[in-house]
Amino acid sequence: MSIAVPEPHGSLLQERRAGFGDAAAHGIPTHVTLLPPTEVESAALPAIEAHLAEVAAAGRPFPMRLSGTGTFRPLSPVVFVRVAEGAEACTWLQKEVRDASGPVARELQFPYHPHVTVAHGIGEAAMDRAFEELSDYRAAWPCTGFALYEQGPDAVWRKLREFVFGSAVVPPQAGHVERGPIPAS
């Protein structure tokens, strides 16, 4: 489950990721992860979709802004574009998605940190290049929902379904105070 980075930003960052030598780039749509890849039985899909629909109904649109780069090195070989606005809302969403009473409850390998991966598991020089070349990258959009993806046998991730937040009010572009999604009354 993830928040897609919309066009033209998604394609641009995907092409940059491929250009840094990340072989997985074209199989992974540009996104902010809410739940890492998780194997589930196909029979569980209706319950998962119902759970995600409930999470989306309780949420509301929020401003999302990307700004600059960061890295998880040396702990993990990842360079990313930072979520400068919307991180609190992403954190709320991922907790709701992973709720202990839900069908995709799970522990995370690392503490949750919303980000957009632009290099993963490539050589150090290419990682350094990604970090430097995207250090002044900026993008903003109103986040209005999230999506469920499935990885095919060809290792390509494809969207199965979108989940739109319950509130129809779209906030102004990033730059305003982050409020994050709140449960509907």
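The values are calculated or read from the model by the stated rules, or taken from the named source; none is laboratory data. All values reported here derive from a predicted model rather than from experimental measurement. Here Cβ is always computed from backbone atoms with ideal geometry, including for glycine, and neighbour counts include all displayed protein chains.
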Item checked: Condition broken by Val79, with the remaining ones in (1) farther than 22 Å from Glu107 by Cα; (2) not in a strand (DSSP E or B); (3) not basic (Lys, Arg) satisfied -> (2)
Next item on the list: Kindly indicate whether any position in the range 84-106 is closer than 28 Å to Ala53 by Cβ and in a strand (DSSP E or B).
Entry: yes
Notebook entry, point to check: Any idea which of Ala87, Ala100 is under 28 Å from Val40 (Cα atoms) and within 15 Å of the chain's Cα centre (by Cα)?
Noted result: Ala87
Item checked: Of all residues in the range 147-171 being within 20 Å of Pro8 (Cβ to Cβ) and not charged (D, E, K, R), the one that is modelled with the lowest pLDDT -> Val170
Check: Looking at the range 72-125, which of its residues are more than 14 Å from Thr33 (Cα to Cα) and basic (Lys, Arg)?
Finding: Arg73, Arg106
Check: Taking the condition more than 26 Å from Ile48 (Cβ to Cβ) and either surrounded by fewer than 13 Cβ atoms within 10 Å (Cβ to Cβ) or at pLDDT 95 or above (or both), does Glu133 pass?
Finding: yes
Check: For the range 1-50, how many residues meet the condition of being among the hydroxyl-bearing types (Ser, Thr, Tyr) and over 20 Å from Met64 (Cα atoms)?
Finding: 2
Next item on the list: Look at Pro74 and say whether it is over 15 Å from Glu133 (Cα atoms), out of contact with any Phe, Trp or Tyr (no Cβ under 6 Å at 6 or more places or on another chain), in a strand (DSSP E or B) and not acidic (Asp, Glu).
Entry: no
Next item on the list: Scan the range 40-52 and give yes if some residue there is touching a Ser or Thr at 6+ places or on another chain (Cβ under 6 Å) and either surrounded by 15 or more Cβ atoms within 10 Å (Cβ to Cβ) or not aromatic (Phe, Trp, Tyr) (or both), otherwise no.
Entry: no
Checklist line | Considering residues of the range 112-133 that are assigned to a loop (DSSP other than H, G, I, E, B) and in contact (Cβ under 8 Å) with a residue 60 or more places away in the chain only, the residue farthest from the chain's Cα centre (by Cα) | finding: Gly123
Check: Any chance the range 6-19 includes a residue that's among the small types (Gly, Ala, Ser), assigned to a helix (DSSP H, G or I) and under 22 Å from Glu124 (Cα atoms)?
Finding: yes
Next item on the list: Take the range 135-158 and flag every residue that is touching a residue at least 60 places away in the same chain (Cβ under 8 Å) and out of contact with any Phe, Trp or Tyr (no Cβ under 9 Å at 6 or more places or on another chain).
Entry: Ser135, Asp136, Tyr137, Arg138, Ala139, Ala140, Trp141, Asp154, Ala155, Val156
